[in-house]
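The values are calculated or read from the model by the stated rules, or taken from the named source; none is laboratory data. Keep in mind that this is a model prediction, so the values were computed, not measured. Glycine also receives a Cβ, built like all others from the backbone with ideal geometry; neighbour counts cover every protein chain displayed.
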Amino acid sequence: MKDDEKDLYFVEGIAVPQTPLPGEEPAAWGKTAVIGRRQPRVDAYERVSGTAVYPSDVVLPNMLYGALLRCPHAHARVKKVDASAAEKMEGVHAVLTGATLDGKVKWPYNEEVVTDLFDTRCRFEGEAVAAVAAATPYVARDALRAIAVEYEVLPFVADERKSLAPGAAQIHVNGNMIKSETYARGDVGQGFAEADVVLEEKFRTACEIQAPMELHGCVANWEGDSLTIWESTQGVYAVQAKIADILGLPLSRVRVIGHYMGGGFGSKLQPGKYTVCAALLARKTGRPVKIFLSREETLLAAGNRPPAAMTIKAGVKKDGTLTALQFSGLGSGGAYPAGGTSLLDWLVRDLYVCPHVQSEMTDVAINAGPARPFRAPGHPQCAWALEQMMDSLAEAIGMDPIDLRLKNIPLVSQARQGKPPYTTTGLSECIRQGAEAFGWREARRRTAAGRKDKGHLKRGVGMGSCLWFVGGGGPPATVIVKLFADGSVNLNMGASDIGTGTKTVMSMVLAEELGVRPATIQIEHADTGSTQYATPSGGSKTVPTESPAVRSAAIAVKQQLLKMAAGELGSPVENLRYTGEFIEAVDSGRKVKITDIAALKKQGVVVGIGYRGPNPEGKVVNPFAAQFCEVEVNTRTGEVRILRFLGAHESGRVMDRLTFDNQVFGGITMGIGLAMTETRILDENRTGKMVNRNLHDYKLPTALDVPVDMVSLPVDLPDSEANNTGAKGLGEPVTIPTAAAIANAIYDAVGVRVRQSPADPLTMNRLLAEQGQEVRS
Amino acid sequence: MRNKEDEEKTGQCQCRRGFTRRGFLTSVGVGAMAALATTGKLSSAKEASSAEIAAEQAVVITLTVNERSHQLLVEPRWSLLYVLREHLGLTGTKVGCERGECGACTVLIDDLPRYACLTLAVEAEGRRITTLEGLMQGEELGPVQQAFVEEDAMQCGYCIPGQIMSVEGLLRARPQPNQAEIRQAVSGNICRCGTYPHIFKAAARAADLKAKR
């Protein structure tokens, strides 16, 4: 902060919005002073200086280190666990096994499927078998090696497409079928009959793993009967609820703190067995216990995006009217019910206008680690199939891919009961503005001409569009804003900032309303002991959920200040204006400095409480997007270089342009991983074990895998119907159409359809060879 | 998938002479790890030719971290990462894989970016170790840190200390790097949030800020 700003809590010369009278709804923001600008993060200093304490950084006095012993087999029965040698080791303080727990501690995989914490039946490689606490992590790992486990190795099934085959290994007593769902509207038979062109294709996306950079884990500490957990989590209240339930504790005895966290992408919406083990070991030893998983453990047992095998059949008229879409999807959330086909068909149902739609989805069990929600569950997989099919249809009827999409833009959510309208639909703007900025039509002409060239480097451009089935947020959210006597402000909010900039955006909302500097705002968040209830940060809903509550709380503060000033200025509240520095009376022209209001000085603080109001009835709030890319395929090596990317995103009002762009680039990068490099490989024939359980073989996109030329093009459409800040979610749509856009660009370059992800050089070589293109090594 | 042009351009560049994901396996570190794995014993760095000691037998070493000297009792098998974080409280250095794959633990050893998870504490004796905390000038951010703030080169922020150290190491060797050199320099630091474009910008701005100071 500059020296001349040090004693100023407010920003000079910035107009703050009119304060509504109590009971009135605030008007939508017009021209904003703070919202929408490029605001660096309010906690950036902490994050780059090393002073931010992430849960994995917590070191408490007398703390022990815990570790979990995990089943090395894809499917096995634990016959005997001998921990006697481990217990006697110097530095080992506690060992937990199935025998020591005696079936008293349960782990709910969901509401119906509940097992022992250390179950004798291990249905996936990496299932927990025992846990230890020791003086150092090194001794803890020594102790794990000293535990002798006798396993009966059982037959396994590792491929979802073989799970229901006769003779497949049976994972649960009722078989391997987890769930099947169907959906229909109209009559697809009629739709196909009306079509000029009908195409059918099969697609598959590989299993992808969240792999946030901070490992999953926690530190647990008991003070008497009260448990405190520092967990790397997206939702402290969700962790509190599950741990209290498992350990039979009142919610008030479980405090969960998660101020900073190093990424989750859905895999940290819930606690893990590690959380329970840390709490149990801490209770047994009477000392704090820290358990953070190894990278290998997180790849095996801390969630994934399920593999999806999809068939899509589509009918279209020559003029581009879609007549029918038929979809079947097979997925697996691993060994336990975990949303293996969650939302897998949603884009088919809802993205484009289509009268006749039918889908069926089958979720089966395989012997692999359970899925956890992964950034836009189901959507990138479905986009991989649907968006490639849209391009195939466009080609078949001789239409440009963007024209086909523009022909079928929906204004209502067709898949929902009663076909409710969207509050705003930015889909066509995203496609039009994105195509314009990308230079789509010129690029298509250029790549079409390039196909005739003899060279081995072929360029192609592709695009994909999407919606995200929620993203409007909603109640409950409660936020408390305190304005102190010196005019500085404290924000109290339970939501986690998972890296999206939540704290920064909320500070900007306060700055916009109160006229205070974002830097002077103190934030308490993500602590069940001291902050307000919040749902976990996931589903692209944190900004549209929390920001309206923050705005309401700020308004509540202003209303109280106006009331305090009314007596002092001798004017009724409706004649007073809050300006940031002063409260002015429009009738008398008198004014009082906020910090000079006698009642504020006496009271010391003004407390404003804000609640998230309901979403508009009968309307749907969804974000929309279109992404465009250009690739270069080397037909000799099968390598694909991504040359440039553009993301056009409509997520209501742009709150912070800096963090907005950052989200867009991040989503595209993650989508590049799905399209190009990421796949969980299970040894499906011999052992069922994961063979690439490290970050060398499970390839996350690096700095060399993303194009330098990445453009974020916000389609800024404040959604005044959605909520009082006009914001919609962004974190998930940014990764939905990416992989499909790349696949479409590859097709444009070399005319091969990559039906199965990832499009690595081996796959590309095979596809190019099948198509008869020259491949030389 | 790798950008061939960039690699060719930087093939001659010695700007990142520290450990890379691939380079490590051919260097001395693997010898020490292999010896530990097979015999459970390790020669201490100081006394390469003298008596062997057991992996869990503590030895006294002196580490120079951020220009301060620390005398420590460590097991020879302890990584520099573990000692920095859990014993010296320097948690700016992050832990992401403990096997040289992610770069979250990058520190500078004698000005070169190195993975602290693949460096045994005993190996680091007598070297100049710089961590994220060591880039601070009192309570003021160093130029690379400042550039990361201004360009919003962070999301969850967990990989960022490692990214900053890699950029710092790059700039100490090459004060005015080109785009390809920047990309190469941070290619051993994975950012799962995908903040790379902002990191590239921050690295370029950091070079400018450093030149001005």
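The residues in segment A:101-135 that are surrounded by fewer than 18 Cβ atoms within 10 Å (Cβ to Cβ) and either under 30 Å from residue B:85 (Cβ atoms) or within 14 Å of another protein chain (Cβ to nearest Cβ) (or both) can be counted, and the count is 1. Taken residue by residue, segment B:156-176 has at least one member that is over 18 Å from the mean Cα position of the chain (by Cα), buried (at least 24 other Cβ atoms within 10 Å of the Cβ) and outside the structural domain of residue B:79 (by TED's automatic domain parsing). Taking segment A:636-676 as the range and being assigned to a strand (DSSP E or B) and among the charged types (D, E, K, R) as the test, the residues that pass are A:641, A:644, A:650.
Does segment A:334-350 contain any residue that is in contact (Cβ under 8 Å) with a residue 24 or more places away in the chain and part of a strand (DSSP E or B)? Scanning segment A:334-350 turns up no residue that is in contact (Cβ under 8 Å) with a residue 24 or more places away in the chain and part of a strand (DSSP E or B). For segment A:231-279, the set of residues classified as out of contact with any helix residue (DSSP H, G or I) (no Cβ under 8 Å at 6 or more places or on another chain) and within 14 Å of residue A:529 (Cβ to Cβ) consists of A:236, A:237, A:252, A:259, listed by residue number. Please enumerate the residues belonging to segment A:541-581 that are touching a strand residue (DSSP E or B) at 6+ places or on another chain (Cβ under 7 Å), touching a residue at least 24 places away in the same chain (Cβ under 8 Å) and of a type in the set (S, T, N, Q). If the condition is that a residue be touching a strand residue (DSSP E or B) at 6+ places or on another chain (Cβ under 7 Å), touching a residue at least 24 places away in the same chain (Cβ under 8 Å) and of a type in the set (S, T, N, Q), then A:547, A:552, A:560 are the ones that fit.
The listed residues are A:679, A:725, A:687, and the only one of them that is hydroxyl-bearing (Ser, Thr, Tyr), part of a loop (DSSP other than H, G, I, E, B) and under 27 Å from residue A:542 (Cα atoms) turns out to be A:725. Looking at residue A:563, is it over 24 Å from residue A:256 (Cα atoms), modelled with pLDDT of 95 or more and not in a loop (DSSP other than H, G, I, E, B)? The answer is yes for residue A:563.
Looking at segment A:29-58, I want the residues that are closer than 17 Å to residue B:199 by Cβ and more than 11 Å from chain B (Cβ to nearest Cβ) and have a partner that is β-branched (Val, Ile, Thr) and surrounded by 21 or more Cβ atoms within 10 Å (Cβ to Cβ) with Cβ atoms under 6 Å, at least 6 apart or on another chain. Which pairs are those? Going by the 6 Å Cβ cut-off, there are no qualifying pairs.
This table checks each residue for (1) out of contact with any helix residue (DSSP H, G or I) (no Cβ under 8 Å at 6 or more places or on another chain); (2) more than 7 Å from chain A (Cβ to nearest Cβ).
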site	(1), (2)
B:162	yes, yes
B:166	no, yes
B:183	no, no
B:194	no, no
B:198	no, no
B:204	no, yes
B:209	no, yes
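Is at least one residue of segment B:123-133 within 7 Å of chain A (Cβ to nearest Cβ), in contact (Cβ under 8 Å) with a residue 24 or more places away in the chain and out of contact with any His (no Cβ under 6 Å at 6 or more places or on another chain)? Checked against the condition, which is being within 7 Å of chain A (Cβ to nearest Cβ), in contact (Cβ under 8 Å) with a residue 24 or more places away in the chain and out of contact with any His (no Cβ under 6 Å at 6 or more places or on another chain), segment B:123-133 yields at least one hit. Flag: residue B:105 matches the condition of being more than 9 Å from every other protein chain (Cβ to nearest Cβ) and either in contact (Cβ under 8 Å) with a residue 60 or more places away in the chain or crowded, with 24+ Cβ neighbours inside 10 Å (or both). Summed over segment A:466-503, residues that are more than 18 Å from the chain's Cα centre (by Cα) and part of a strand (DSSP E or B) total 12.
In the set A:37, A:70, A:47, which member is charged (D, E, K, R), under 28 Å from the mean Cα position of the chain (by Cα) and in the same structural domain as residue A:133 (by TED's automatic domain parsing)? After applying the criteria, what remains is A:70.
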